[in-house]
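For reference, the structure discussed in these notes is given below.
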Amino acid sequence: MLSLKCPGCGANIELDESRDFGFCSYCGYKMMLKDVVEVRHREASSTDRYSDGMTEMTKIMDYFGQISDKYQKREELKKQYAELQKKGYKALTGWGIVITVIGLLSISSGAFGVVLLIVGCLFLAGGYSQGEKSKKEMEAIKPQITQLENEIIKHYEDYGVCPLGIEYTQPAVLSILSNYIRQGRAYNVKEAINLLEDENYKNEMRQIAINTQKAAEEQARAARDMAISSSYNGLFNSRK
């Protein structure tokens, strides 16, 4: 006997597997036994694939979770390095050059030119000092980043045959891939990666569309402002 739920009323029923079809004893719904068996096989296959995918994903997350602190430290150092690169010492130096040149050109005018020259030199000195400090800090950070990256690569290689590239082993990315499998949107790591890449591409295309729309709106606004300005100018000239 085959135990199942009736698709018609949801009641728990049993059907004789030796027959080609059967009827629900509660609502009379007719079921072809061949179709019921095929559905059972598909459900079992899907469950097995999901189970295998989650087992593989859990193994990967546990393994790379051992060095999650290294990933976090690397990202923090990269952020510090980027912030040092963006510091405004270059702007300070640039303004120092401009003010110094103006001071040199105005030196004949007396005290004002001298003041500009002094201010320009202070800006230059400040920019140089800040620049040297930032360079030293960057030089200290870079070897730390390199060391962490080498340790991460070594850990990745020790895994053996890993089903995903090293760029997907960051904890945040692994969490996303795991959720795809847990939600049933992917059955294995490869499908989860393909889904992630597809969504990233869609997000990029969406951002491009948003930027294009903003640019078009700005152009339309500029054209409208120009037209209004031209109308005012025309009206003003006609009154003359």
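The values are calculated or read from the model by the stated rules, or taken from the named source; none is laboratory data. What you see is a predicted model, and the numbers here were worked out from it, not measured in a lab. Every residue, glycine among them, receives a Cβ derived from its backbone with ideal geometry; neighbour counts consider all protein chains shown.
Yes or no, residue by residue, for (1) at pLDDT 80 or above; (2) out of contact with any helix residue (DSSP H, G or I) (no Cβ under 6 Å at 6 or more places or on another chain); (3) over 23 Å from residue 66 (Cβ atoms):
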| position | (1), (2), (3) |
| --- | --- |
| 133 | yes, yes, yes |
| 141 | yes, no, yes |
| 148 | yes, no, no |
| 195 | yes, no, yes |
| 200 | yes, yes, yes |
(request) For residue 63, indicate whether it is outside any helix (DSSP H, G or I), surrounded by 13 or more Cβ atoms within 10 Å (Cβ to Cβ), at pLDDT 75 or above and hydroxyl-bearing (Ser, Thr, Tyr). (result) no
(message) Return the pair list, or none, for Cβ contacts closer than 8 Å from residues in region 128-145 that are within 15 Å of residue 82 (Cα to Cα) to residues that are aromatic (Phe, Trp, Tyr) and surrounded by 12 or more Cβ atoms within 10 Å (Cβ to Cβ), at least 6 apart or on different chains.
(response) 131/89; 134/89; 138/81; 141/81; 142/81; 145/81
(request) Inspect all residues belonging to region 108-117 and state whether any of them is surrounded by fewer than 14 Cβ atoms within 10 Å (Cβ to Cβ), outside any helix (DSSP H, G or I) and not aliphatic (A, V, I, L, M). (result) yes
(request) Taking the options 181, 152, 176, 193, name whichever one is within 18 Å of residue 74 (Cα to Cα) and either touching a His at 6+ places or on another chain (Cβ under 7 Å) or of a type in the set (Val, Ile, Thr) (or both). (result) 152
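If you take the residues in region 156-179 that are in a helix (DSSP H, G or I) and among the hydrophobic types (A, V, I, L, M, F, W, C), which one is nearest to residue 53 (Cα to Cα)? It would help to see each step written out before you state the result.
Step one: of region 156-179, the residues in a helix (DSSP H, G or I) are 156-158, 166-168, 171-179.
Subsequent filtering for residues that are among the hydrophobic types (A, V, I, L, M, F, W, C) retains 166, 172-174, 176-177.
Numbers: 166: 19, 172: 18, 173: 16, 174: 13, 176: 14, 177: 10 Å.
Per the stated criteria, the residue is 177.
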